[in-house]
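The values are calculated or read from the model by the stated rules, or taken from the named source; none is laboratory data. These figures come from a predicted structure and were not determined experimentally. Methodologically, a virtual Cβ is constructed for each residue, glycine included, from the backbone with ideal geometry; neighbour enumeration extends over all protein chains shown.
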Ligand code: PMP
């Protein structure tokens, strides 16, 4: 069959292939990008779904507006305000089917074949694939422990004049890194200076361990620039409530938002009204602060356990980011003492030892670093994390 030419630019993700191996009994997985399903507030969601049906089933089960369910847009604006965003109102955001759809809409609205975009190296794999599907050349900017390196980013922007720069500034997937406040301010200035749309993808910002992260680019944009013209922000309830609800949102200037609504109309018409009405009731009931507090505590403990176990079991054979939140540790195999430095080779040995992780190379749109890997500390409990890291050490020695 002759498929569309755009499919030539993408391939099935290496990560999906790896997931096929995860069915092996007894395997401890650090591979997923999922939140822990034990963390879902089932009772709260059940109550919210019931309310959505008893209060107005006609609305909750009917077709709805493409922009999103009004009460949810209000609740999401209020949720953003609790995080320091002062001037985002219901009209400034649209509800999307996961933030993944917000990214897809941005790709659809902004990218013509041959356009250039800049992402972090490493970044969220689905974003690379999505932008490539629209024909983008996806250029990679290097990151360090404080997020994207500004000198390199500015040089790349000046050289390539990208249609957009995509960043995960807070607790990056997979980097675990958080962009410093100084760099955030400078990124916003670069967006205006070079008239380049900066996309802030922020599904993890609420999952901090000890202290809240620096203000989001969104919150800073009005403070630093007095405008959001060159900024788009993607939010999501996936990691803090439930990915199965598929609730995300997009905040952007009015012109871009209108184009995104038009594209969404022809795509899925609107995000599930029932899911939206349920999420609206959940937020309205005020459950979110307690849910977040619980998640922060559990994920922080798991992250610290994993970091401790890595130091104890693997010593200087690995170095890693020390995330302040999120779900991921980004590990580099140092090759010290003649130890293994190829994450693909280690991944296979690790599966044999009963532990799984994702090699880092696919997360780079350019210049993949084969010595990197991503460990999720989200889904295994602390005992499993200790055991999994011990198995990793065995795999390293095998
Ligand atoms: N962006 C990033 C950085 C992610 O890690 C994810 C999910 N893993 C998404 C977007 C998509 O999330 P969702 O569509 O569930 O909101």
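Before moving on, here are some points about what is shown:
- Selected residue (only one of 65, 78 is at pLDDT 95 or above and touching a helix residue (DSSP H, G or I) at 6+ places or on another chain (Cβ under 8 Å)): 78
To keep it simple, each residue is scored yes or no on (1) part of a strand (DSSP E or B); (2) out of contact with any helix residue (DSSP H, G or I) (no Cβ under 9 Å at 6 or more places or on another chain); (3) under 21 Å from residue 108 (Cα atoms).
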site	(1), (2), (3)
152	no, yes, no
166	yes, no, yes
172	no, yes, no
178	no, yes, no
183	no, no, no
188	no, no, no
192	no, no, no
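- Considering residues of the stretch 194-212 that are touching a strand residue (DSSP E or B) at 6+ places or on another chain (Cβ under 7 Å) and not in a loop (DSSP other than H, G, I, E, B) only, the residue nearest to the ligand (Cβ to nearest atom): 201
- Any hit, the stretch 2-11, residues being surrounded by 15 or more Cβ atoms within 10 Å (Cβ to Cβ) and under 30 Å from residue 254 (Cβ atoms): no
- Some residue of the stretch 114-126 being more than 14 Å from the ligand (Cβ to nearest atom), assigned to a loop (DSSP other than H, G, I, E, B), out of contact with any strand residue (DSSP E or B) (no Cβ under 6 Å at 6 or more places or on another chain) and in contact (Cβ under 8 Å) with a residue 12 or more places away in the chain: yes
- Qualifying positions in the stretch 274-322 - outside any helix (DSSP H, G or I) and more than 30 Å from residue 45 (Cα to Cα): 318, 319, 320, 321, 322
- Against the test of being touching a residue at least 40 places away in the same chain (Cβ under 8 Å), assigned by TED's automatic domain parsing to the domain that holds residue 170 and either within 16 Å of the ligand (Cβ to nearest atom) or out of contact with any strand residue (DSSP E or B) (no Cβ under 8 Å at 6 or more places or on another chain) (or both), the options 309, 275, 258, 215 yield a single qualifying residue, 215.
- Of all the residues in the stretch 227-260, those that are over 22 Å from the mean Cα position of the chain (by Cα) and in a helix (DSSP H, G or I) number 4.
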